[in-house]
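The values are calculated or read from the model by the stated rules, or taken from the named source; none is laboratory data. Predicted model only: the values in this text are computed from it and were never measured. As a convention, Cβ positions derive from the backbone with ideal geometry for all residues, glycine included, and neighbour counts pool all protein chains shown.
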Amino acid sequence: MLHDPPTIPEARRQIEICNACRYCEGFCAVFPAMTRQKSFADGDLVQLANLCHNCRGCYYACQYTEPHEFALNLPAALAEVRVESWERHARPQAFARIFQTHGAAMAGLGVAALAGFFWALSALGPETGAGFYAHLAHGTMVAIFVPAFVLPLALIAVSIRAYWREVGGGRVRLAHLVTALGQAGRMDNLGGGRGRGCNFEDGDRFGNRRRILHQAMLYGFLLCFGSTLSGTVMHYAMGWEAPYPIWSLPKLLGVPGGVLMVGAALGLAGLKLRADPALGARRVWGGEMAFIVLLGAVALTGLALYAATGSALVGPLLAVHLATVMVLFLLMPF
């Protein structure tokens, strides 16, 4: 059992009313899962909350929202439970809570501090190297970024294990993972359950813009990750060191990936600015926006660094880009 935060009883009240009504059972993954049982343990509510993607279609279709005495606002109730579960499972918990409410400040200060660190480190200058490695040695980058990448992944794994135990998750089979990855790749739960899309931006209008923007961010990120991975293989397996020409695989993957991420970040930030904050978890708005901006900043600084190749701007841009990447890695568990 959870420590029963105030969000849990309210979410239970609303879910039980929804389960009696069932008007919205085709809207998203929450409702088919909800109708499988009549009573809900705390772990059940946490699982339902994390199935919700805050498309808000159920709110605008509901006949029991205010001014009705039931005063249902299921997207907000589930958002509060979802955020509380993230804060509880993330490690270290103190940083998770701070990021949710002061994410922009944490990200900004982190980028500024690390950019200064990388700029000071590059001032020492390696004796040999071309491109980026003329400012910061390859071995130094590896020594800094491998722990900064592996440690957050380990923390995320610990968080997932704690979550799975709390919600009573059973044995995970390969077929389950394949299905889940397929649904994530298609962003099925941002389609409103009926393929018409979300009501995130405008309650009177369905749209797939949010779904498309999330897909652009996902696939842009994967392209950039593929760019880094291909560069690693070329460096260690083929002895081909950076900088790479435009026709090489790292650039063919990284440039379009960066463009997709920048466009998606701008679009998602715009949607969030126009969306009704009362239908989400108000207190974590800053942390959510900070993560969107940070993803866009990683891609934008990477593109700017590539455009500045051969100029005097490479040094400072490299420091800023490495700082944004490291802050993204370090904040991922939260």
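Quick notes
- Selected residue (criterion: surrounded by the fewest Cβ atoms within 10 Å (Cβ to Cβ)) from residues of region 187-213 that are in contact with a Leu (Cβ under 6 Å, 6 or more places away or on another chain) and free of Cβ contacts under 8 Å to residues at least 60 places away in the same chain: 211
- Qualifying residue in region 26-48 (condition: within 18 Å of residue 203 (Cα to Cα), surrounded by fewer than 23 Cβ atoms within 10 Å (Cβ to Cβ) and in contact with a Ser or Thr (Cβ under 8 Å, 6 or more places away or on another chain)): no
- The residue list 28, 55 contains one member that is under 21 Å from residue 275 (Cα atoms), touching a residue at least 12 places away in the same chain (Cβ under 8 Å) and in contact with a strand residue (DSSP E or B) (Cβ under 8 Å, 6 or more places away or on another chain), which is 55.
- Total residues in region 199-240, condition in contact with a Phe, Trp or Tyr (Cβ under 7 Å, 6 or more places away or on another chain) and either outside any helix (DSSP H, G or I) or more than 26 Å from residue 328 (Cβ to Cβ) (or both): 2
- Boolean, residue 51 is surrounded by fewer than 18 Cβ atoms within 10 Å (Cβ to Cβ), under 23 Å from the mean Cα position of the chain (by Cα) and not assigned by TED's automatic domain parsing to the domain that holds residue 285: yes
- Members of region 244-278 that are surrounded by fewer than 17 Cβ atoms within 10 Å (Cβ to Cβ) and in a loop (DSSP other than H, G, I, E, B): 245, 246, 247, 276
- Looking across region 301-334, the residues that are more than 24 Å from the chain's Cα centre (by Cα) and part of a loop (DSSP other than H, G, I, E, B) come down to 308, 309, 310, 311, 312, 313.
- Which numbered condition residue 209 misses (of (1) over 20 Å from residue 82 (Cα atoms); (2) of a type in the set (Lys, Arg); (3) over 19 Å from the mean Cα position of the chain (by Cα)): (3)
- Test: residue in region 253-262 that is farther than 20 Å from residue 300 by Cβ, in contact (Cβ under 8 Å) with a residue 12 or more places away in the chain, of a type in the set (Gly, Ala, Ser) and outside the structural domain of residue 76 (by TED's automatic domain parsing): no
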